[in-house]
Structures are given as structure tokens and as C-alpha cells.
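Have a look at the structure below, then the notes.
The values are calculated or read from the model by the stated rules, or taken from the named source; none is laboratory data. For clarity, every value in this text was computed on a predicted model and none was experimentally measured. Note that we place each Cβ from the backbone using ideal geometry, even for glycine, and neighbour counts take in every protein chain shown.
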Amino acid sequence: MKHKFNIPSKINVGFQNRQDTYTGKLAFVVYTDDKGVLRKERSWNGWRDNKIDPEEFENVPTDGFVLNKKTGDYRGSWNGRQAWIRIYDPRGFEFEIDVNNLVFILEECSSIKGKGLEGEFVYAWAGAQLLLLPVSSQEYKDSIEFKTACKNKVKKADIKEGFCFLTKSNEEVMYLGRLPYWSWQSKDNIDTFKSQNQHIFVRLNENEDKYLVEKGFTNILAKAGNEPSAAFADLFEEYMKSEFGSAPIKLTTKKAKPTTSNWFHRTFIEQDGKYHGVTEQSIGWGNNHKINLEMVKNPVIVQIGKSVDVPSSYSAGTTILPKPPNEYNVVSLFVVNEHNKKIKVGS
């Protein structure tokens with residue numbers, strides 16, 4: 001399910017008397033959420049005419065909506081507003097949607113001259129944005145499926161390896177288990193690459209952050225199926241071989257350009273088997289700077305130690321940096337795990 005919108009059971013409609021509408025009334029449509037909170041209540045009450053009683057309607061599939069006209073987007077005006085499209089609701093008022101919503105509607109159904117938009121629609125929200133959603137669209141079907149799934153509350157006992165779930169962010173994820181998670185952790189200015197057991201979920205939609213890492217299950221909203229996924233074994237193995245699931249076994253380096261402009265945080269000077277990390281902008285003659293002393297406690301743990309303040313009277317000609325910058329072996333430092341995955345130190 002890629003697109004899931006909020007489709008409330010009821011809508012609340014406030015009005016203004018407007019002569020530039022067919023009905024004489026322009027509406028501001030909001031809804032009451034599952035916790036009984038009227039969304040955008042302050043803006044809604046500030047906009048509507050208190051002399052006109054608001055109305056509440058069931059948000060059920062309804063036909064008879066008609067395109068009215070475009071408003072806003074005035075050229076040449078310093079205070080012109082975004083273009084909006086007026087829509088007539090057959091219950092006797094007009095409201096506005098944005099152009100993107102109109103394009104989506106016309107991709108899904110036809111607008112018949114003199115008869116309006118073909119098919120049934122409901123009101124939906126994408127975050128705070130109101131949408132008129134065609135019932136014939138896949139987005140409507142996905143949204144209803146998601147709403148139904150959310151009624152089935154997830155218990156801790158329901159979260160088992162290989163099963164799929166929906167998060168509060170409407171993401172579909174698969175639970176891989178409580179597994180080691182290797183990452184950089186910082187405490188008292190010391191960065192350490194180490195693992196902690198975490199609940200690992202893999203995101204099933206396309207996302208740069210493939211894994212969802214949780215301490216508990218408070219972010220899990222609903223089940224997304226009643227059977228374990230056939231893809232579990234492959235995705236579990238992929239995680240265990242990744243930079244997050246596999247323990248590091250050695251350090252390796254990659255040559256970096258020995259110029260001051262490239263000496264930033266997490267670029268290292270290699271000297272006699274030890275590495276000095278440059279932490280502030282660049283090293284230059286007479287500049288203030290800090291260095292980090294890197295230490296390896298054993299083959300699988302790397303720590304970047306506390307910063308050392310260098311007084312302004314010091315320069316790159318001191319015992320700390322006795323040679324000009326371009327005479328050092330400047331490297332990027334990596335931790336390598338047992339599956340040959342490289343993790344940049346400090347990244």
C-alpha cells in the first residue's frame with residue numbers, strides 16, 4: 001500500500017456568505033479525529049461566519065460534485081495567492097482544492113459538461129491538506145484497507161519474525177527479530193562503534209533508510225497480514241551480512257588528498273600505525289584546531305577519543321603536527337566486517 005490517506009467518518013463544515021459562488025456559501029471543511037479533537041479548530045473558527053451554523057455530514061461516498069472555477073493565482077499582483085479550484089458539493093455548498101488534487105481527479109475519472117465529475121467521492125486528508133478522493137482510485141482502496149487494519153490493535157505477542165506490520169507513519173515493515181545492531185554511539189565526547197540488541201524491521205517500500213530500528217513496539221500500529229512472508233529468510237540473511245548486522249573484524253584505510261581543504265572531521269593522519277583525526281575545518285600554519293586521538297581496544301571496537309584543545313600559540317610546526325600538511329599520509333579510516341562491508345569511521 002503506497003498511498004494511504006486519512007478518511008474520517010464525519011466532516012465538519014463552516015461557512016462564509018460569498019457572492020462569487022453559485023450557492024452563496026463558501027465552505028471550510030475539517031474533521032474530528034479519533035480522539036475527539038476538531039482538527040484546525042482555531043483556524044476554522046476564525047475563518048467561518050459565526051452567524052451561520054456549521055454543519056456535520058457523514059463522509060460517505062457521494063456523487064454529484066461539480067467543477068466551478070479557478071481562484072487565486074493573480075498575475076501582476078504582489079499579494080496574489082496560490083491557484084485553487086472551486087468544487088460544488090451536492091449538499092449545497094462550495095469548497096476549494098488545489099491544482100494537484102484536480103489533476104489527480106481528472107486522471108481517475110471524467111468531468112462531464114453540465115453534469116459534473118463522474119463517480120463517487122469522499123473527503124480525505126494527507127497530513128493537513130484536504131483532498132477530494134475518487135472512490136474508484138487505488139488510493140481510496142488502500143486508505144480504507146489501512147483504516148480497517150488500524151482497528152486491529154497489535155499486541156506484543158503478535159509481533160513475530162517474518163510477519164508484516166503497519167507503522168504510525170503508514171509504512172509497511174517486516175519484523176526480522178531482536179538482533180545485534182552495529183552503529184556509532186557517542187557519550188562524553190567519545191564515539192564508539194559497537195552493537196546493541198534492537199528490534200529490527202525492514203521497510204518494504206522504497207526508502208533510503210532500509211531498516212527501522214526500535215527499542216520497543218510503540219511505533220507499530222497494525223498488522224498487515226496474518227501469515228509470515230516468504231521473503232523473510234532472504235531479508236534476514238541480507239541484514240545479517242549488512243554493515244548493521246555483522247561484527248567488524250579489522251580496520252582498513254583509503255588514501256585521501258593531503259590538502260588542508262580536505263582535512264575535515266573524520267579524515268585521519270596516519271603516523272607510525274596510529275591515526276590522528278582532524279575535527280575542525282582544516283589544519284594550517286598558526287590556526288587554532290583540535291585533534292582526536294584514535295584508539296583500537298580490540299579488533300572489533302574502535303573509539304574516537306576526547307578532543308584536545310590546541311592553544312592559539314601552537315601551529316602546525318609543533319610536536320603535535322611537526323610537518324607541513326602535504327607531507328602527511330592522509331587517509332579515510334574504515335571498519336570492515338566479516339562480510340567485507342566497509343563502515344567509515346565516525347560516519
Looking at region 218-230, is at least one residue closer than 28 Å to Asn6 by Cα, touching a Ser or Thr at 6+ places or on another chain (Cβ under 9 Å) and surrounded by fewer than 18 Cβ atoms within 10 Å (Cβ to Cβ)? yes
Residue list for region 136-163, restricted to those being buried (at least 16 other Cβ atoms within 10 Å of the Cβ) and either among the hydrophobic types (A, V, I, L, M, F, W, C) or free of Cβ contacts under 8 Å to residues at least 12 places away in the same chain (or both): Phe146, Ala149, Cys150, Val154, Ile159, Phe163
Checking the conditions here, which among Lys4, Lys25, Lys35, Lys40 is closer than 30 Å to Met174 by Cβ, in contact (Cβ under 8 Å) with a residue 12 or more places away in the chain and outside the structural domain of Phe165 (by TED's automatic domain parsing)? Lys4
Tell me whether region 30-53 contains one or more residues that are within 31 Å of the chain's Cα centre (by Cα) and closer than 18 Å to Val66 by Cβ. no
What tally of residues in region 7-39 results from selecting those that are assigned to a loop (DSSP other than H, G, I, E, B), surrounded by fewer than 18 Cβ atoms within 10 Å (Cβ to Cβ) and touching a strand residue (DSSP E or B) at 6+ places or on another chain (Cβ under 9 Å)? 8
How many of the residues in region 224-240 are under 23 Å from the mean Cα position of the chain (by Cα) and among the aliphatic types (A, V, I, L, M)? 2
Residue pairs, Cβ under 9 Å, 6 or more apart or interchain, first in region 207-233 and on the phi < 0 side of the Ramachandran plot and assigned by TED's automatic domain parsing to the domain that holds Ile159, second among the β-branched types (Val, Ile, Thr) and assigned to a loop (DSSP other than H, G, I, E, B). List them. Phe217/Val154; Phe217/Ile159; Ile220/Val154; Ile220/Ile159; Leu221/Val154; Ala222/Val154; Lys223/Val154
Would a scan of region 98-107 turn up a residue that is among the aromatic types (Phe, Trp, Tyr), assigned by TED's automatic domain parsing to the domain that holds Asp34 and in a strand (DSSP E or B)? no
Sole exception among (1) touching a Phe, Trp or Tyr at 6+ places or on another chain (Cβ under 6 Å); (2) surrounded by fewer than 19 Cβ atoms within 10 Å (Cβ to Cβ) for Trp182, by number: (2)
Region 230-270, subset of a type in the set (S, T, N, Q) and modelled with pLDDT under 65, residue nearest to Asn197 (Cα to Cα): Asn262
If the requirement is being surrounded by 15 or more Cβ atoms within 10 Å (Cβ to Cβ), at pLDDT 90 or above and in contact with a helix residue (DSSP H, G or I) (Cβ under 8 Å, 6 or more places away or on another chain), which of these qualifies: Leu133, Leu166? Leu133
Strands (runs of 3 or more DSSP E) wholly inside region 117-230 that include at least 3 residues being in contact with a Gly (Cβ under 8 Å, 6 or more places away or on another chain): 172-187, 190-203
Considering region 109-124 alone, what residues qualify as being out of contact with any Cys (no Cβ under 8 Å at 6 or more places or on another chain) and crowded, with 19+ Cβ neighbours inside 10 Å? Phe121, Val122, Tyr123, Ala124
